[in-house]
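What follows is a single structure, written as structure tokens, with notes after it.
The values are calculated or read from the model by the stated rules, or taken from the named source; none is laboratory data. Here the structure is a predicted model, which is why all the values come from computation and not from measurement. Here the Cβ positions follow ideal geometry from the backbone for every residue, glycine too, while neighbour counts run over all protein chains shown. With ligands, DNA and RNA removed, areas are computed over all heavy atoms of the protein, side chains included. Shrake-Rupley method; radii C 1.70, N 1.55, O 1.52, S 1.80 Å.
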Amino acid sequence: MDCDKCGRESVMHAAYSGLHLCEEHFLASVDKRVRRRVREDGLVPDDATPEDPQTWVVGLSGGKDSVVLTDVLHRTFEKDPRIELVALTIHEGIEGYRDESVDACVELTDELGLRHELVTYEEEFDVRMDDVVESDPENMAACAYCGVFRRDLLSRYAEELGADKLLTGHNLDDEAETALMNFLEGDVAQIAKHFDASLGAFDERASDDDPTRETGDHFVPRAKPLRDVPEKEVALYAHLADLPAQITECPHASEAYRGEIQELLYQLEENHPGTRHSIMAGYEELAALAAEEFGAREEGSTDLGECERCGSSTTRDVCRKCSLLDSIHAA
Ligand code: SF4
């Protein structure tokens, strides 16, 4: 088929929009969607100036999503002195997986000339995920430990790096899956927690296996500028733009429920193109309403204190991360 914009050979067909696009117009359409999301979420405040620039920390894992996000943001703000990008990579200690994706992060940030910070579970917590999976003192899925540690490091380092925003590479499929999971779990309070009122946007979901979900544990606003772009298109973009993205899956990936939702969404999207977009449109409206309701209910509530070990915000004496580290080190 020919490109609907210029008549050249198309490289993709988006069933949800009916468009066929050639390589050039496809790449441009992804850039455009990310830039529109940055604009609509108001990520660049009016008072940002070259003298007082904004620092945006981008969570760069080396997978296609974060690599594409970093690349698009770099080209968008390369000549804009109001925005400084810093890439932050977290090494969990997973043999045969993370070393390779760190290589992709180094290659990309070297190529783009971006500042790159690497933090490891080993140096920060004296643990490696491979060992945690082996000992498994809490009898939980790997991601339940890993998600708690990652959120802690992202929040902490975003603050340490002086971030005004923390950006992550969640794509449309990730977001629609999370929305559907929250619906199916029937937890409206949880839906409300994922709406960041400061941005009018969505926050990173706590691990699905983490029963405590301490979502009030950060103060740097989050944003997901890739959330309008379907996963397949992100993968195609990384391929066509020849970006150094790692494609291997984590060997400890354990979100079985998310896998079922993925399959369900895939079928729905095949049969009813546009399903992911409509899920998100409704979810965002619902989350904003829920955030208003739950925000009002919780106003005046002072049950969020500081962890007596590390000082993180928590509703308990010792935060989830510190109690998990206790069990791991005692095992
Ligand atoms: Fe950690 Fe799970 Fe992600 Fe692997 S899939 S890096 S264990 S959160």
Checklist entry - In the chain, what percent of the accessible surface is made up of carbon and sulfur (1.4 Å probe, ligands and nucleic acids excluded)? => result 47
Item to check | Cleavage-rule hits, GluC sites (Glu not before Pro), segment 28-130, DSSP coil, Cβ neighbours within 10 Å at most 14 | outcome: Glu51, Glu78, Glu95
Checklist outcome for this item: Once the in-chain neighbours fewer than 8 apart are removed, the lysines whose Cα is under 26 Å from Lys232 read Lys5, Lys32, Lys64, Lys224
Checklist entry - Cα centroids of segment 86-142 and segment 145-188: how far apart, whole angstrom? => result 16
Item to check | Helix runs (DSSP H) in the chain reaching 30 Å along axis by Cα, Kyte-Doolittle at least -1.0 | outcome: 275-298
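Can you bin the chain into rounded, prolate or oblate? Criterion: square roots of the alpha carbon gyration tensor eigenvalues sorted a ≥ b ≥ c, rounded for a/c under 1.5, prolate for a/b above b/c, oblate for the rest.
rounded
Over segment 52-298, what is the relative contact order in percent, taking alpha-carbon pairs closer than 8 angstrom and at least six residues apart? Mind dumping the intermediate values first?
On the way: 371 pairs, mean separation 65.2, N = 247.
This gives 26 percent for segment 52-298.
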Checklist entry - In nm, to one decimal, how far is the modelled label at Arg36 from the one at Thr315, with both set 7 Å along Cα→Cβ? => result 3.8
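Are there any GluC sites (Glu not before Pro) in segment 232-264 that are in a DSSP loop and have at most 12 other Cβ atoms within 10 Å? List them by number. Mind dumping the intermediate values first?
On the way: sites: Glu233, Glu249, Glu255, Glu260, Glu263; in loops: Glu249, Glu255.
Within segment 232-264, the qualifying GluC sites (Glu not before Pro) (loop, at most 12 other Cβ atoms within 10 Å) are Glu249.
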Checklist outcome for this item: Per its Cα gyration tensor (rounded if a/c is under 1.5, else prolate when a/b beats b/c, else oblate), segment 1-124 is best filed as oblate
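Of the DSSP beta bridges with both residues in the chain, give the percent that are antiparallel, rounding to the nearest 5.
Details: 8 of 26 bridges.
Antiparallel bridges: around 30 percent, rounded to the nearest 5.
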Checklist entry - What's the FRET efficiency of Glu117 with Ala281 using the Cβ-Cβ distance as r and R₀ = 41 Å, to the nearest 0.05? => result 0.70
